[in-house]
Amino acid sequence: MPLTDLTLAECLDYRAGQPAPAGFGAFWSRTLEEAGRTARPPRFEAVDAGLPAVRVSDVTFTGYGGEPVRGWLRLPAAPSGPLGCVVEYLGYGRGRGLPHENLTWAAAGYAHLVMDTRGQGWSAAPGATPDTGGTADGSVPGFLTRGTDRPDDHYYRRLYTDAVRCVAAARSHPEIDPDRVVVTGVSQGGGIALAVAGLVPGLAGVLPDVPFLCHIRRGAECAVLPPYTEIAGYLALHRDRAEPLFAALDHFDGLHFAPRATAPALFSVAMMDQVCPPSTCIAAYHAYAGPKELAVYHFNGHEGGGEFHRARQLAWVRERLGQDRTAALGPEPR
């Protein structure tokens, strides 16, 4: 794969210079206050996943509009005390999958809450949370134009609200230490994690990998592959709606959540990424207000650092959350 965006040196020099829309903070304060008023206690229902070393619960919590959102919570079988927790958001098209998948964080001794993505779950893993809100009037198939120029109706208002409520659900669990919560995700999940970092105080860490939904306008202008191409497809038909559309999408852009985020962060970027151009990801990194590190994968596309980067994340999270080394294995044999 060739480079299709700026070089690394150019990315490191590049600054987006794009201010948040007027009323950005008030928009999100109102949105989250409304969600808090409709919230009900989350449910954690044990399921038999056939995993002696990991306990799995089917999670239902209240998301946007009082609607139920699903997830999986995976816990080490025999924790010795309150657990640090990794809350994970999923990539575009993915649902929460099956209960026995994605065991790395639980195997490392942490609680791991995976949030289902409303209305998605058609690509690599099935989902269980419908999206009943908003409008698809004139939108291109996908989610970036679902709500077009109406921020209050936009799909990502609903999804980001779900994500904030997911952290609240994790913190409510009696076996989770509410002060030791890290949020993470790849691509769309990385963009969601970055938004949550700007909306939820007191996180212990943030891990945005090749994040989508950052510097959205530039992504629409230079990404070669979907999902940003949904925007180009929409505006190729609706030639007069570029400014209203981007004004709406500004309410969901990682560029504007990053300056509000103060938790330590480990970003990753891939220089041959044709889905989330590296300049968009690094622009959000530059805007991030908290302590931050950047892992660069020079010869990778949207797969990013893969399991090489996961090893780095495991070490990074252990530094910040600690690790119960006996949690996944249970007590010593007698």
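The values are calculated or read from the model by the stated rules, or taken from the named source; none is laboratory data. Note that this is a predicted model, so its numbers are computed, not measured. Cβ atoms come from the backbone with ideal geometry, glycine included; neighbour counts cover every protein chain shown. With ligands, DNA and RNA removed, areas are computed over all heavy atoms of the protein, side chains included. Shrake-Rupley method; radii C 1.70, N 1.55, O 1.52, S 1.80 Å.
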Need one number: convex hull volume per residue for the stretch 197-334, Cα atoms only, in Å³.
125
Hey, what's the chain come to in accessible area per residue, 1.4 Å probe, Å²?
40
Sorted list, accessible surface of protein heavy atoms, 1.4 Å probe, largest first, for Glu67, Glu319 is Glu319, Glu67
Could you size up the charge dipole of the chain around its Cα centre, putting +1 on the beta carbon of Lys and Arg and -1 on that of Asp and Glu, and report it in debye to the nearest 20?
560
Hey, any idea what % of the chain's accessible area is carbon plus sulfur with a 1.4 Å probe?
55
Over all directions, how big on average is the projection of the convex hull of the alpha-carbon atoms in the stretch 51-194, in square nanometres?
8.3
